Amino acid sequence: MLATSSGRCSNNTAIQCRRSSLVLYLLAIVVVCLEIRRGDGARILVHPLSQFFNSRLLNMEKLSMLLRDRGHEVTMLMGDHYLPRNNLTGISIVTFKVSSADCVRGLEVEEVWRMLQLSKLQTFQLMQGRMLTYCEGLLENRALLKSLRDAKFDLYLFDWIEACTKILVDYFNVPSIMYSNYGLTNSWPVFGTPSPYAFVPDIGTGFSDKMSFKERLINTIVSILGELIVDPTRHLQVLRDRHFPDFPWGNDVGRGFDRVSLVISANTHYGFDYPRPLMPHIIPISGLVWTPLKPLSSDLQKFVTEADDGVIVVSFGTLIPKYDPKFAEVLANVFSRLSQRVLWRYVGELPPGLGKNVKLLEWLPQNDLLGHPNVKLFVTHCGASSTWETLYHAVPVVAIPLWADQQAHARKLTERAEIGVQLDMNTLDEAALENAIQEVLNNPKYQTNAKRISSIVRDQQNDPQETFLYWVNYVIRHKGSLHLRSQAAASLSWYQYLLLDIVAFLVLCVTIALTVLYFLCRLVWTCVCCRLYKSLRRQAPLEINGPGRHLTENPNGVCKKIN
């Protein structure tokens, strides 16, 4: 019995030892994996548009957090006036000081609404002026830029709308990835992908892919001449030569983006966007910054769930600090007459006519609200992030675009996806707004279409964030991916890209051929006439065209009729 008990104890001890060894072995594997992952982490410099608070900056903060969570060492380059909105713990923030306070302050309400009355060209030129001033402020921090260059990051991830990046891609001289928050424009120097103007509308025009002759003409002019008028290359060249006169640059500023390995075209899905040809270095990723729903605060949860007829969410994005009083009054008067509850992102004095069904918030959790099943409608300016949140959550819209790419998003939402109605901000009145809201709320086709397009954009082969991480690591592993770019295409001038030299050559060839043919025909005709004339001379007088009509020759050798 003692021996048996002792044997059992030994067996139990052995089993426990084996279990302990297995646990230790697994822990060792985990530790090794973590160390390997940490050791493989790359050093990445992220350069967002931090000039003013904007949704694309928030999105790049989220991407930086994603890279951080996957073991990369992330450094963000931002102006010292900006306060991050996300948890950037574990991310190094390198700031630079801009001497001009004008270019970093937020736009006043009068400036914003006055800007919205300008033409698209005037608006772009106004914003470009502020961005160039901001760029010069960054270039003045030469010691900071030199330290970043000497750090030799493994990757430079930047927002292309930040003007200075066209200089810094060449200056840092490391593999780089361009981030675009709203898809692509028709700019070849920026994105390096073909844009057939006949069916690929420039995002600034707001056209669909089905363009009339007039629209195709405008699209062609905007796509070609827009490069000459709006492109800041000439100004950037001056800034570069002023601040770095002796630096051995690899390219002219106009060719600065030729060194970019990849373009991450976020918020792009060709179930929603217009189909277009893409080069291999363009990586479209839809839903890249979609975030899981978080619980609403108790007061918001109560406000939303207790709304018998549903809730309408109203937001015009981060660019609008305050509303124009007349515009706000139109919205307030219409909302007060609705049976639905309204959650309105609003800053400033209360507009007159505000109803008890309306709740004003200086900041609202837009994504979490749109994901609530009791939200029935989204009144939106159609910014890129707002557009993709409403697509993901299948919420119909009343689209009131303000400027830039918002016109294009609004048209795709209302015409291609058919999930809402578009209104013109400049001609908006109470009747038009109320009719649009009632149309979208009461016509079931908009909700049906919203569910259909949501299903399409959600249906993806890979997780969007995993796709982003794969391509980031791909560029880092191979120390760039310029092999995906067409260097031959990049060397083409605009007239070669449009085949105008080929067309001119063919026109010249056809012209020469027709000219030669004309002279050959004339020569043949002359020969025939001469032979006929000689024949007539030998046979004169010759009766032709009836009896009594003859040909004879006068002393000058000219044939004439005689009777």
From the set of residues in segment 368-410 that are touching a strand residue (DSSP E or B) at 6+ places or on another chain (Cβ under 7 Å) and part of a helix (DSSP H, G or I), which is farthest from VAL457 (Cα to Cα)?
-> LEU369
From TYR446, TYR518, TYR474, which residue is under 25 Å from the mean Cα position of the chain (by Cα) and among the aromatic types (Phe, Trp, Tyr)?
-> TYR474
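Scanning segment 330-346 for residues that are in a loop (DSSP other than H, G, I, E, B) and touching a residue at least 40 places away in the same chain (Cβ under 8 Å), which turns out surrounded by the fewest Cβ atoms within 10 Å (Cβ to Cβ)? Quick ask: steps written out before the conclusion?
To start, the set of residues in segment 330-346 that are in a loop (DSSP other than H, G, I, E, B) comprises 337-340, 346.
From the residues that got through so far, the ones that are touching a residue at least 40 places away in the same chain (Cβ under 8 Å) too are 337-338, 340.
Numbers: ARG337: 12, LEU338: 19, GLN340: 19.
Per the criteria, the residue is ARG337.
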Being charged (D, E, K, R), closer than 21 Å to THR193 by Cβ and surrounded by fewer than 16 Cβ atoms within 10 Å (Cβ to Cβ) narrows it down to one of ASP273, ASP252, ASP246, ASP241, so name that one.
-> ASP252
Would segment 479-499 turn up any residue that is under 21 Å from THR268 (Cα atoms) and surrounded by 12 or more Cβ atoms within 10 Å (Cβ to Cβ)?
-> yes
Is it true that LYS152 is farther than 22 Å from TRP388 by Cβ, outside the structural domain of MET60 (by TED's automatic domain parsing) and in a loop (DSSP other than H, G, I, E, B)?
-> no
Only unsatisfied item for PHE303, checking (1) within 30 Å of GLU466 (Cα to Cα); (2) among the aromatic types (Phe, Trp, Tyr); (3) in contact with a strand residue (DSSP E or B) (Cβ under 7 Å, 6 or more places away or on another chain), is (1)
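Output the residue which, of all residues in segment 45-74 that are part of a helix (DSSP H, G or I) and among the small types (Gly, Ala, Ser), is surrounded by the most Cβ atoms within 10 Å (Cβ to Cβ). Write out each step before concluding.
Filtering segment 45-74 for residues part of a helix (DSSP H, G or I) gives 55-69.
So of that shortlist, the ones also among the small types (Gly, Ala, Ser) come out as 55, 64.
On the way: SER55: 18, SER64: 24.
Per the stated criteria, the residue is SER64.
Filter segment 421-446 down to residues that are touching a residue at least 60 places away in the same chain (Cβ under 8 Å) and closer than 18 Å to VAL375 by Cβ and give me whichever is surrounded by the most Cβ atoms within 10 Å (Cβ to Cβ).
Filtering segment 421-446 for residues touching a residue at least 60 places away in the same chain (Cβ under 8 Å) gives 425-426, 428-430, 433-434, 437, 440-441.
Then drop every residue that is not closer than 18 Å to VAL375 by Cβ, which leaves 437, 440-441.
Values: ILE437: 22, VAL440: 25, LEU441: 20.
In this case the residue turns out to be VAL440.
Out of curiosity, is TYR446 assigned to a helix (DSSP H, G or I), farther than 21 Å from ILE400 by Cα and not hydrophobic (A, V, I, L, M, F, W, C)?
Details: assigned to a helix (DSSP H, G or I): yes; farther than 21 Å from ILE400 by Cα: no; not hydrophobic (A, V, I, L, M, F, W, C): yes.
It is false that TYR446 is assigned to a helix (DSSP H, G or I), farther than 21 Å from ILE400 by Cα and not hydrophobic (A, V, I, L, M, F, W, C).
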Picked from segment 393-411 (must be at pLDDT below 95 and closer than 17 Å to SER286 by Cβ), the residue surrounded by the fewest Cβ atoms within 10 Å (Cβ to Cβ) is ASP405
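Scan segment 218-231 residue by residue and report those that are touching a residue at least 60 places away in the same chain (Cβ under 8 Å) and either assigned to a helix (DSSP H, G or I) or crowded, with 18+ Cβ neighbours inside 10 Å (or both). Don't jump to the end; show me each part of the working.
First, the residues of segment 218-231 that are touching a residue at least 60 places away in the same chain (Cβ under 8 Å): 224, 227, 229-230.
The answer is ILE224, GLU227, ILE229.
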One residue from ALA489, ALA504 being closer than 30 Å to ARG259 by Cβ and assigned to a helix (DSSP H, G or I) | ALA489
Report yes if some residue within segment 200-215 is surrounded by 16 or more Cβ atoms within 10 Å (Cβ to Cβ), without any contact (Cβ under 8 Å) to a residue 40 or more places away in the chain and not hydroxyl-bearing (Ser, Thr, Tyr); otherwise report no.
-> yes
Neighbours by Cβ (under 9 Å, 6+ apart or cross-chain): first from segment 449-474, in a loop (DSSP other than H, G, I, E, B); second polar (S, T, N, Q) and crowded, with 17+ Cβ neighbours inside 10 Å | GLN460/SER286; GLN460/THR467; GLN461/THR467
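Answer with yes or no whether TYR182 is buried (at least 21 other Cβ atoms within 10 Å of the Cβ), under 17 Å from the mean Cα position of the chain (by Cα), aromatic (Phe, Trp, Tyr) and under 19 Å from LYS412 (Cβ atoms).
Working: buried (at least 21 other Cβ atoms within 10 Å of the Cβ): yes; under 17 Å from the mean Cα position of the chain (by Cα): yes; aromatic (Phe, Trp, Tyr): yes; under 19 Å from LYS412 (Cβ atoms): yes.
In short, yes.
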With respect to VAL169, determine if the residue is assigned to a loop (DSSP other than H, G, I, E, B), touching a Lys or Arg at 6+ places or on another chain (Cβ under 9 Å) and at pLDDT 90 or above.
-> no
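Please indicate, with yes or no, whether at least one residue in segment 362-371 is among the small types (Gly, Ala, Ser), farther than 24 Å from TRP403 by Cβ and touching a residue at least 40 places away in the same chain (Cβ under 8 Å). Walk me through how you get there before you give the answer.
As a first pass, look at segment 362-371 and keep what is among the small types (Gly, Ala, Ser): 371.
Cutting the leftovers down to farther than 24 Å from TRP403 by Cβ gives us 371.
The next check asks that each one be touching a residue at least 40 places away in the same chain (Cβ under 8 Å); those that pass are 371.
Checked against the condition, which is being among the small types (Gly, Ala, Ser), farther than 24 Å from TRP403 by Cβ and touching a residue at least 40 places away in the same chain (Cβ under 8 Å), segment 362-371 yields at least one hit.
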Single unsatisfied condition, VAL238 versus (1) of a type in the set (A, V, I, L, M); (2) touching a residue at least 12 places away in the same chain (Cβ under 8 Å); (3) assigned by TED's automatic domain parsing to the domain that holds HIS483 | (2)
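The values are calculated or read from the model by the stated rules, or taken from the named source; none is laboratory data. Quick caveat, the model's predicted, so the values are computed rather than measured. As a convention, Cβ positions derive from the backbone with ideal geometry for all residues, glycine included, and neighbour counts pool all protein chains shown.
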